[in-house]
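Participant: I have a structure here, written as structure tokens, and I will follow up with some questions on it.
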Amino acid sequence: MEPGTLDVSSTRAEFPALHQSVSGVPLTYLDNAATTQKPQSVIDSVDEFYEQDNANVHRGVHQLSQRATKAYEDARAALANWIGAASDAEVVFTKGCTEGLNLVAASWGGSNLQGNDTVLVSTMEHHSNIVPWQMTAERTGAKVEPIPITDAVELDLEWLAARLAKGGVKAVAVKSVCNVSGTVNPIKEVARLAHEHGALIVVDAAQGLAHQKVSVQDWDADFVAFTAHKAYGPMGIGALYGRKALLENMPPYQTGGGMVRGVTFEKTNFAEPPERFEAGTPNVAGAIGFATAIDFLERVGVEAMARHENCLAKLAEERLSEIPGLKIHGKAKHKAGIVSFTMTEAHPHDVGTVLDQYGVAVRTGHHCCMPLMARLGVPATTRASFACYNNTTDVENLFNAVIKVKELFG
Amino acid sequence: MSLQDLYQEIILDHGKSPRNFGELDPYTHEAEGFNPLCGDQVRLMVRIADGKIEDLKFSGHGCAISTASASMMTQLLKGKSVEDALKLVDKFRKAMTEDGDHGDMGELGCLSGVREFPNRVKCATLAWHALKSAVTTGGKVTTE
Ligand SMILES: Cc1ncc(COP(=O)(O)O)c(C=O)c1O
């Protein structure tokens, strides 16, 4: 094997959930953009925490608590290192991407936006990068304006530059990789444009972690939200990267234990970031599992994974394009391993049911991107999304099952 | 349970060429049904006179199951009294969600396979919920 390439069969062997049958046929798991399966190492690390070190963090002097605290902070350091943060204090653990984006919109947005300000949100955004901004806009009087996209599902950068030049924009919210079309957005370029005009960039990297080597400093991003479960980690844990100077000046998002320096009924002093934004008992086992998933990304090589997934997605697009009446949505120049399509004969929901009967797990629906669906002019799509453990057999199974749809409904 | 049991000929037929599809003019009652899970959307228009459903039509977009179910419902309920229609709505809903013998469902029996696909039941009942809403309150319904 060449360096930088992926040994798919040995990687696949690390994922217990892949080795099962559904509807009497071996599972073809192509719903990775919704959540990836977990390698044994991640599952074990979560189990081990509960079996050996379980204790609350940052509060006990006893040894289990010390071990738990160390493991939790080590996980933060591992993540900070992986995403290229300047310091560990720039990484706030959250329950996922959604919470990270809500945190930014509520805390930064709530204290920095006013009546004449605008937040630009791309048309392809997930609801979790739209609705929190709408909520903040309602409270502050700021406006949320969509950034148009092209037919290929790429950001309209010319429009963005012109709109930024007009002034009044305080933040630009974009995803790094689109969960519907697979589009890889030029985050570095968007950050440069935003900064040129005094706006911040808020990146939804939910799909980024598994499909690209993220470097928040290289991106020059201000906030980046991550979720572990779409990158081989556990559910219910994620992280928000925030530039130190920004986090330091933001009010807490939630309040309670663990995020204060001192409380009296007259005045409460808040802790410094990241603790300021981590009220309550955190998901320690999740953080540990997240760090183990980062180890996995590093060990297998996220760039090799991305290349492999791209090859599979390209192959899937080629094969599916042979089918008359099938349309692939999203023809961006830079794409990750995600393919969305519609068929003239069958609604995505029917496609999903038929595929499921052949053991092929895909996602159908609007993918929490209703404005993007409206832009594409479809109510829903069928989406196949690839991970490092998928192989060409999975692509063939997908193709063959889609042919069955054609036969049934054609 | 096989795909052929779910997608019987008659369902595919109604799915492809729905009956009573389009706008009804004039109508006295209407309701919209929306399934946020899959984006299925149905608008139901009903003309009621003297406690009877004189005519009804539906528009919108949805999967084969929801389209076929809406189509068959409109055929079945045309000419029925509102009271009988509501009884049928309840019977159909029960047949979709509860095990056991539900008696002769006529043509609707072909939808009984849906019960074996729990995440598709809402597709089948969407138009029926909308009908009930139209004739009782005349509002919007979602199946979540
Ligand atoms: C692009 C994108 N953003 C945000 C999210 C939300 O992630 P989570 O549900 O883990 O908070 C998702 C996942 O559904 C996503 O695909």
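Participant: What's the number of the condition B:ILE10 fails, among (1) in contact (Cβ under 8 Å) with a residue 40 or more places away in the chain; (2) not in a helix (DSSP H, G or I)?
Facilitator: Among (1) in contact (Cβ under 8 Å) with a residue 40 or more places away in the chain; (2) not in a helix (DSSP H, G or I), B:ILE10 violates only (2).
Participant: Would you mind stating whether A:ALA80 is closer than 27 Å to A:THR183 by Cα and in contact with an Asp or Glu (Cβ under 8 Å, 6 or more places away or on another chain)?
Facilitator: Spelling it out, A:ALA80 is indeed closer than 27 Å to A:THR183 by Cα and in contact with an Asp or Glu (Cβ under 8 Å, 6 or more places away or on another chain).
Participant: Separate question: Conditions first: (1) surrounded by 20 or more Cβ atoms within 10 Å (Cβ to Cβ); (2) away from chain A (no Cβ under 14 Å). B:ILE11 passes all but one, so which condition is the exception?
Facilitator: (2)
Participant: A further question follows. Of the conditions (1) surrounded by fewer than 14 Cβ atoms within 10 Å (Cβ to Cβ); (2) out of contact with any helix residue (DSSP H, G or I) (no Cβ under 8 Å at 6 or more places or on another chain); (3) within 13 Å of chain A (Cβ to nearest Cβ), B:ASP90 fails just one. Which one is it?
Facilitator: Here B:ASP90 clears every test but (3).
Participant: Limited to the stretch A:162-185, what total is found for residues that are within 16 Å of the ligand (Cβ to nearest atom) and not aliphatic (A, V, I, L, M)?
Facilitator: 8
Participant: Can you tell me how many residues in the stretch A:107-132 are hydrophobic (A, V, I, L, M, F, W, C) and either more than 13 Å from the ligand (Cβ to nearest atom) or in contact with a Leu (Cβ under 7 Å, 6 or more places away or on another chain) (or both)?
Facilitator: Of the residues in that region, 5 qualify.
Participant: Hey, could you check the stretch A:338-368 for residues that are away from chain B (no Cβ under 11 Å) and buried (at least 20 other Cβ atoms within 10 Å of the Cβ) and say which is nearest to the chain's Cα centre (by Cα)?
Facilitator: So, considering only residues that are away from chain B (no Cβ under 11 Å) and buried (at least 20 other Cβ atoms within 10 Å of the Cβ), the one nearest to the chain's Cα centre (by Cα) is A:ILE338.
Participant: If you go through the stretch A:303-314 one residue at a time, do you hit one that is without any contact (Cβ under 8 Å) to a residue 60 or more places away in the chain, within 13 Å of chain B (Cβ to nearest Cβ) and of a type outside the set (Val, Ile, Thr)?
Facilitator: No, there is no match, as no residue in the stretch A:303-314 is without any contact (Cβ under 8 Å) to a residue 60 or more places away in the chain, within 13 Å of chain B (Cβ to nearest Cβ) and of a type outside the set (Val, Ile, Thr).
Participant: Pick from A:VAL153, A:VAL203, A:VAL177: which is more than 23 Å from A:ARG243 (Cα to Cα) and not aromatic (Phe, Trp, Tyr)?
Facilitator: That would be A:VAL153, the only listed residue that is more than 23 Å from A:ARG243 (Cα to Cα) and not aromatic (Phe, Trp, Tyr).
Participant: Does any residue of the stretch A:63-85 turn out to be within 16 Å of the ligand (Cβ to nearest atom), in a helix (DSSP H, G or I) and either over 30 Å from A:ALA165 (Cβ atoms) or away from chain B (no Cβ under 14 Å) (or both)?
Facilitator: So far as the stretch A:63-85 goes, yes, one or more of its residues are within 16 Å of the ligand (Cβ to nearest atom), in a helix (DSSP H, G or I) and either over 30 Å from A:ALA165 (Cβ atoms) or away from chain B (no Cβ under 14 Å) (or both).
Participant: Check A:ALA384 against each of (1) closer than 24 Å to A:PHE296 by Cβ; (2) not in a strand (DSSP E or B) and name the one condition it does not meet.
Facilitator: (2)
Participant: Sticking with this one: Which is touching a Cys at 6+ places or on another chain (Cβ under 7 Å), at pLDDT 95 or above and not assigned by TED's automatic domain parsing to the domain that holds A:ALA316, of A:SER181, A:SER176, A:SER122, A:SER128?
Facilitator: Selected residue: A:SER128, the only one of A:SER181, A:SER176, A:SER122, A:SER128 that is touching a Cys at 6+ places or on another chain (Cβ under 7 Å), at pLDDT 95 or above and not assigned by TED's automatic domain parsing to the domain that holds A:ALA316.
Participant: Identify the single condition in (1) away from the ligand (no atom under 11 Å from the Cβ); (2) buried (at least 22 other Cβ atoms within 10 Å of the Cβ) that A:ILE237 does not satisfy, given that it satisfies every other one.
Facilitator: Every listed condition holds for A:ILE237 apart from (1).
Participant: I'm trying to understand the selection: among the residues of the stretch A:356-366, which are within 13 Å of the ligand (Cβ to nearest atom) and at pLDDT 95 or above?
Facilitator: Hit for the stretch A:356-366 is A:ARG363, nothing else.
Participant: Where in the stretch A:194-308 are the strands (runs of 3 or more DSSP E), entirely inside, with at least 3 residues that are at pLDDT 95 or above and not assigned by TED's automatic domain parsing to the domain that holds A:THR392?
Facilitator: A:200-204, A:223-227, A:238-242
Participant: Would you mention how many residues in the stretch B:21-39 are more than 9 Å from chain A (Cβ to nearest Cβ), crowded, with 20+ Cβ neighbours inside 10 Å and free of Cβ contacts under 8 Å to residues at least 60 places away in the same chain?
Facilitator: 1
The values are calculated or read from the model by the stated rules, or taken from the named source; none is laboratory data. Fair warning: this is a prediction, and the values are worked out from it, not measured in the lab. For neighbour counting, all protein chains shown are included, and Cβ atoms are generated from backbone atoms with ideal geometry for every residue, glycine included.
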